[in-house]
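Shown next, in structure tokens, is the structure this report addresses.
The values are calculated or read from the model by the stated rules, or taken from the named source; none is laboratory data. Since we're looking at a predicted model, the values are computed, not measured. All accessible areas refer to the heavy atoms of the entire protein, side chains included, with ligands and DNA or RNA removed. Shrake-Rupley method; radii C 1.70, N 1.55, O 1.52, S 1.80 Å.
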Amino acid sequence: MSLDVSPALLEQAERGEVDEAEFVDCVRMSLPYAWEMISSLVARLTVDGGQIADNQTPPPDEQARGQLLRALASDAIRGSLQRHFGVRLAFQNCHRVAVFPLDPAADDRLAAFTSVRGQLLNQSPELRDC
């Protein structure tokens, strides 16, 4: 799944530094399902508070699944989204995206979510092909 990069943004990249806000906008436009998923989780974390907001609903189709994988598997995209939203992102499988506040009080919860144990406990036969 590739980003839809405008000629102007590509030209910026070819010249050197890229405006991160423009990059984030490119991600928003190119990966709308992933953007909406992360945005809604950030909103839920903001409203509900706490140490985590996560999604446990599988994507509606393979294109949506691909968008999540693209957004969270790319260090550049993931880092830009974290800075844009002011959160830490974690990803366990084809759909379990979680957002954590930057507050150190959430460090233990983030560590548990991203641990080997957390990964194993999140497996099921339904997720084998995800």
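Each listed q (0.21, 0.23, 0.28 Å⁻¹) maps to a log10 I(q)/I(0) for segment 21-69, found by the Debye formula over equal Cα scatterers with no solvent: -0.79, -0.88, -1.03.
Just checking the listed ones, 82, 12, 67: in the Gaussian network model of the chain with Cα springs under 10 Å, the one fluctuating most is 12.
For the chain, carbon and sulfur atoms together expose 52% of the accessible surface, with a 1.4 angstrom probe and every protein chain in place.
For the chain, a Gaussian network of Cα nodes joined below 10 Å ranks 49, 86, 16 by mean-square fluctuation, and the top entry is 16. Pick out which of 89, 110, 120 has the largest mean-square fluctuation in a Gaussian network model of the chain, springs linking Cα atoms closer than 10 Å. Comparing 89, 110, 120 in a Gaussian network model of the chain, the most mobile one is 120. Radius of gyration (Cα atoms) of segment 58-121, expressed as a multiple of 2.2 N^0.38 Å: 1.15.
Want the number for residue 48 to residue 2: 0.36 nm per residue separation, take away the alpha-carbon distance, what's left?
Working: separation 46, 0.36 × 46 = 16.56 nm, distance 3.35 nm.
Full extension from residue 48 to residue 2 adds 13.2 nm.
Here the chain was treated as a single set of alpha-carbon atoms; its pair distances binned every 10 Å from 0 give 12, 41, 33, 13, 2 percent.
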